[in-house]
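Below you'll find the structure, written out as structure tokens, and then a few comments.
The values are calculated or read from the model by the stated rules, or taken from the named source; none is laboratory data. Note that this is a predicted model, so its numbers are computed, not measured. Cβ placement follows ideal geometry from the backbone for every residue including glycine, while neighbour counts extend to all protein chains displayed. Surface accessibility is based on the protein's heavy atoms, side chains included, excluding ligands, DNA and RNA. Shrake-Rupley method; radii C 1.70, N 1.55, O 1.52, S 1.80 Å.
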Amino acid sequence: MLARLVAYVGTLALLAIVGVHLWDQLPDSVALEPAAKAGWSAAARAYPAFAVSQFDLLGKTETYEIFRHSEGGRKHVFRWSAQGEKPVAELEIYRPGAEFDRSGPASAEMTARMEPQGGRDLEAAGIIDSKFGTVTLLRLAGDVGGARSCLGFMKRLDEPDLRISGWSCQGDALPARRAAISCMLSRLVLLTAANDPKLAELFARAELKRGSCTASAAAAASADWVTGAENPSLRGTF
């Protein structure tokens, strides 16, 4: 009887030790999740507010997800990918709430989206014109624009408070990716403003400046030293 009692107590002690060890490991696992995901949840029953019209990628399927934050923010995320493969393009329309940290670098969250494994920062890669105005282009530091490269973009609007961002890996060179991003933004349309007159006005004015994807490709291919990714080559010395 005593031997059985000792064995029983020993088993309980072993289970307690294992439980404490697993509990200690739990915060580390949670810490691996990106901080940007904290407080966000999928809004499965929300109606789409945006669409990307006639933007077909050969062999790629479009997905559209809506996320809400507990402090009021909302994100509409488009992704294009082949079945079982990583996305080749992403477009996010973000309506910030109280959760938005205006003091932090805007590129930090973009870096995590373009390179989840980390290790590299973003650097400027020129600008493009769009129906929403000038859009900043970004690329991973040290990226030379090879066939496997991706190009990010970001546009911040104040009235209404809106951020349009994303990235594209389409094309085999920088001009093709610039054109793909320009076409994506040109095809972005508003389905419903949800009683937000400033948002409705923004897209109404943007549609007046909407260009064709063919024109976007031509403009991207003819980028000069101001809008291109590389630094200008200056003659002479200072």
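General observations
- Matching residues in the range 181-192 - criterion: being in contact (Cβ under 8 Å) with a residue 60 or more places away in the chain and open to solvent by 10 Å² or more (accessible area, probe 1.4 Å): Cys183, Arg187, Val189, Leu190, Leu191, Thr192
- Scope the range 36-45; condition at pLDDT 90 or above and surrounded by 14 or more Cβ atoms within 10 Å (Cβ to Cβ); matching residues: Trp40, Ala43
- Of the residues making up the range 88-102, those that are touching a residue at least 40 places away in the same chain (Cβ under 8 Å) and either touching a Lys or Arg at 6+ places or on another chain (Cβ under 9 Å) or within 13 Å of Cys150 (Cβ to Cβ) (or both) are Val88, Ala89, Glu90, Leu91, Glu92, Ile93, Tyr94, Arg95, Pro96.
- Residues that are among the small types (Gly, Ala, Ser) and open to solvent by 30 Å² or more (accessible area, probe 1.4 Å) number at least 1 in the following strands (runs of 3 or more DSSP E) confined to the range 119-178: 122-130.
- The set of residues in the range 40-54 that are within 18 Å of the chain's Cα centre (by Cα) and either among the polar types (S, T, N, Q) or more than 16 Å from Phe203 (Cβ to Cβ) (or both) comprises Trp40, Ser41, Ala42, Ala43.
- Selection over the range 179-203 of residues that are under 24 Å from the mean Cα position of the chain (by Cα) and either modelled with pLDDT under 90 or in a helix (DSSP H, G or I) (or both) gives a count of 14.
- Single unsatisfied condition, Leu58 versus (1) assigned to a loop (DSSP other than H, G, I, E, B); (2) open to solvent by 40 Å² or more (accessible area, probe 1.4 Å); (3) modelled with pLDDT of 85 or more: (3)
- Among the candidates Ala206, Ala215, the residue that is surrounded by 11 or more Cβ atoms within 10 Å (Cβ to Cβ), over 30 Å from Gly142 (Cβ atoms) and modelled with pLDDT of 90 or more is uniquely Ala206.
- Sole exception among (1) open to solvent by less than 40 Å² (accessible area, probe 1.4 Å); (2) farther than 23 Å from Phe50 by Cβ for Val88, by number: (2)
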